[in-house]
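*Asks:* Before anything else, here's the structure in question.
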Amino acid sequence: MPNHTDSDYYKQIRIYKAGVLIWKVVPPGLILLGTIGNFLSILVLTRRSIRVSTTALFLTVLACSDLLVLYSGLLRQWLIYLLKTDIRHISEAGCKIHVWLVYSSLDFSAWILIILTLERVICSWLPHRAKTVCTKNTAVAILIVVGMFILVKNSHFLYGMVFKITNETNTKPNEQKCIAIDQNYTYFEEKVQPWIDICVYCIVPFAIILIGNVLILFKVVQSQKKSRRRLHLRSQQQGIRHVQKSSKTAILFTLSIVFLVTTSPASIYLIGETYWRQDADDASKAKLDFWWAVVSMLMYTKNSVNFLLYCLNGTKFRKELFRLINWKKRFPTEQC
């Protein structure tokens, strides 16, 4: 979260107040939508007819990770502006562990999309090998390895962030703060860490996802052309499989586009924010805080709307959702 100046004039600027209003009003809606949507996603994706798929496993873990992002990241920000209470400033554990969990959960959500993309590439290009490669055991092992990598990658926060009582001026009471351990770590946090984050959280995932989606799309189009040359009955059977594959592909494409649109502005902001604030006047800082509120809401939107994306693009997901709420007669059971 960007540092604020304590200038009274700064807090009276209209655009700053607009940013504060965003922090107070938008998070409850995103948290409510994300909570309901992600829990429904978990319920649907763990149903017997869907949970056999490794894709369902990855999407279930993604829903859990999104919930962690919303309740560790967005809820904290909302409480700061609503109640002026920061969990990081309460205890040493709250300081260290919370920062570690927020960054790790954000990274994990992004890397699950990478795993999903690579799985679809294998299923599209090596369908016969996929049966032996894309298994539940392999999926669980990959999730554990990626999760451990991300936790280790962000473990520097457990060392670098410390809980201190500060007194910047003689006229202010002592304050409990979660701050960098020294100037070297401050430099790392402001100048180096944002570049690591944009690579791990945005650039690398998007590059892999983009290339993977192009490969998947090429194979889908190629398979559809081949199916048209076959006998009519067999074409119908192939068509059903193509619909199922296209549904998964559509979900993956939509998740990828939403991921890029919602995460890249925040990543770019965090890189430029340190430089933009240098020698900035109060009006400029107020504008920066306003735009930080905007890009943050955009970033957390990704963790709230995945359920809606599944409903829009996932035929089988919709049918299982309707079946879950007892609309069985309208949508009969479908084989995987």
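*Asks:* Name the residue, out of 165, 196, that is modelled with pLDDT of 85 or more and either part of a loop (DSSP other than H, G, I, E, B) or out of contact with any His (no Cβ under 7 Å at 6 or more places or on another chain) (or both).
*Replies:* Going through 165, 196 in turn, just one is modelled with pLDDT of 85 or more and either part of a loop (DSSP other than H, G, I, E, B) or out of contact with any His (no Cβ under 7 Å at 6 or more places or on another chain) (or both): 196.
*Asks:* Would you be able to tell me the number of residues in the stretch 16-45 that are under 15 Å from residue 320 (Cα atoms) and exposed (fewer than 15 other Cβ atoms within 10 Å of the Cβ)?
*Replies:* 2
*Asks:* Working only within the stretch 176-193, note down all residues that are more than 17 Å from residue 274 (Cβ to Cβ) and either of a type in the set (Val, Ile, Thr) or part of a helix (DSSP H, G or I) (or both). Steps first, please.
*Replies:* To start, the set of residues in the stretch 176-193 that are more than 17 Å from residue 274 (Cβ to Cβ) comprises 176-178, 181-182.
Within the stretch 176-193, just 181 meets the criteria.
*Asks:* Here's a check for you: in the stretch 61-107, which residue that is among the polar types (S, T, N, Q) and over 16 Å from the mean Cα position of the chain (by Cα) is surrounded by the most Cβ atoms within 10 Å (Cβ to Cβ)? Working first, answer last.
*Replies:* Restricting attention to the stretch 61-107, the residues satisfying the condition of being among the polar types (S, T, N, Q) are 65, 72, 77, 85, 91, 104-105.
Filter once more, so that each one left must be over 16 Å from the mean Cα position of the chain (by Cα): 77, 85, 91.
Values: 77: 17, 85: 11, 91: 14.
Top of the filtered list is 77.
*Asks:* Continuing with this model, one more query. For the stretch 196-227, name all the residues that are surrounded by 14 or more Cβ atoms within 10 Å (Cβ to Cβ) and charged (D, E, K, R).
*Replies:* Within the stretch 196-227, 197, 219 meet the criteria.
*Asks:* Being closer than 15 Å to residue 310 by Cβ and of a type in the set (Ser, Thr, Tyr) is the filter here, so list the residues in the stretch 12-48 that pass it.
*Replies:* Narrowing the stretch 12-48 to residues closer than 15 Å to residue 310 by Cβ: 33-34, 36-47.
Answer for the stretch 12-48, where residues must be closer than 15 Å to residue 310 by Cβ and of a type in the set (Ser, Thr, Tyr): 41, 46.
*Asks:* Which of the residues belonging to the stretch 36-76 are out of contact with any Ser or Thr (no Cβ under 9 Å at 6 or more places or on another chain), outside any helix (DSSP H, G or I) and not basic (Lys, Arg)?
*Replies:* 50, 52, 53
*Asks:* Output the number of the condition that residue 230 fails; it satisfies all remaining conditions of (1) buried (at least 19 other Cβ atoms within 10 Å of the Cβ); (2) modelled with pLDDT under 80; (3) not in a helix (DSSP H, G or I).
*Replies:* (1)
*Asks:* Continuing with the same structure: When the residues of the stretch 264-289 are filtered to those that are part of a helix (DSSP H, G or I) and among the aliphatic types (A, V, I, L, M), which remaining residue is nearest to the chain's Cα centre (by Cα)?
*Replies:* 266
*Asks:* State whether the residues of the stretch 15-22 include one that is among the β-branched types (Val, Ile, Thr), in a loop (DSSP other than H, G, I, E, B), at negative phi and over 22 Å from the mean Cα position of the chain (by Cα).
*Replies:* no
*Asks:* Can I ask one more? Kindly provide the set of residues from the stretch 276-313 that are without any contact (Cβ under 8 Å) to a residue 40 or more places away in the chain and over 20 Å from residue 19 (Cα atoms), ordered by number.
*Replies:* Residues satisfying the conditions are 278, 279, 311.
The values are calculated or read from the model by the stated rules, or taken from the named source; none is laboratory data. This one's a predicted model, so the numbers in the text were calculated from it and none came from an experiment. Every residue, glycine among them, receives a Cβ derived from its backbone with ideal geometry; neighbour counts consider all protein chains shown.
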